[in-house]
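The values are calculated or read from the model by the stated rules, or taken from the named source; none is laboratory data. The structure displayed is predicted, hence computed values, not measured ones. When we count neighbours, we look across all protein chains shown, and the Cβ atoms used for this are built from the backbone with ideal geometry, even at glycine. Quick note on the areas: whole protein, heavy atoms, side chains included, nothing else; ligands and nucleic acids left out. Shrake-Rupley method; radii C 1.70, N 1.55, O 1.52, S 1.80 Å.
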Amino acid sequence: QVQLVESGGGLVQAGGSLGLSCVASGRISSIKTTGWYRQAPGKQREMVAVSYGGGFPNYNDSVKGRFTISRDNAEKTVYLQMHSLKPEDTAVYYCNFVIDQRGTGAYVAYWGQGTQVTVSS
């Protein structure tokens, strides 16, 4: 069984910075993608940033130039550095790993428990 544990988040003033991290544990043969998603009250969950392991990450237009996703495959960890935060970035942030546990080519998506990011104006 795979578990994802997030850390970071919290309360910050507009214009400030925060960092999130997410560590995966359990049986993992390979990691296809890692990413961060967020869900604000009354809104649908949306993609924030996704790393494909090779090539350029994909970012939500609203965070381009402010957020940076990075991953450490050896440590099974994904990070999200957030700068110039805005009140509209307030949401619960979830990490996501798409993982092949047994090396069969069958990939499954796993989610973290979510961490609150609140940006005050």
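Summary of values
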{"read-out": "Area accessible to solvent at Tyr93, 1.4 Å probe radius, in Å²", "value": "0"}
{"read-out": "Carbon + sulfur, % of accessible area of the stretch 3-64 - ligands and nucleic acids excluded, 1.4 Å", "value": "49"}
{"read-out": "Distribution of pairwise C-alpha distances over the stretch 1-54, 5 Å bins, in %", "value": "4, 13, 18, 26, 21, 10, 6, 2"}
{"read-out": "Heavy-atom accessible area per residue - the chain, 1.4 Å, Å²", "value": "53"}
{"read-out": "Largest-first principal axis extents, alpha carbons of the chain, Å", "value": "48, 27, 25"}
{"read-out": "Options Trp36, Gln81, Gly8, ranked by Cα towards positive dipole end of the chain, top entry (Cβ charges)", "value": "Trp36"}
{"read-out": "Length released on extending from Phe56 to Lys43, taking residue separation times 0.36 nm less the Cα-Cα span", "value": "1.9 nm"}
{"read-out": "Accessible heavy-atom area order of Phe67, Phe56, highest first, probe of 1.4 Å", "value": "Phe56, Phe67"}
{"read-out": "Distance between modelled label sites at Gln1 and Lys64, nm, 7 Å Cα→Cβ extension", "value": "4.1"}
{"read-out": "Order by protection proxy (mean Cβ within 10 Å, highest first), peptides 109-119, 27-37", "value": "27-37, 109-119"}
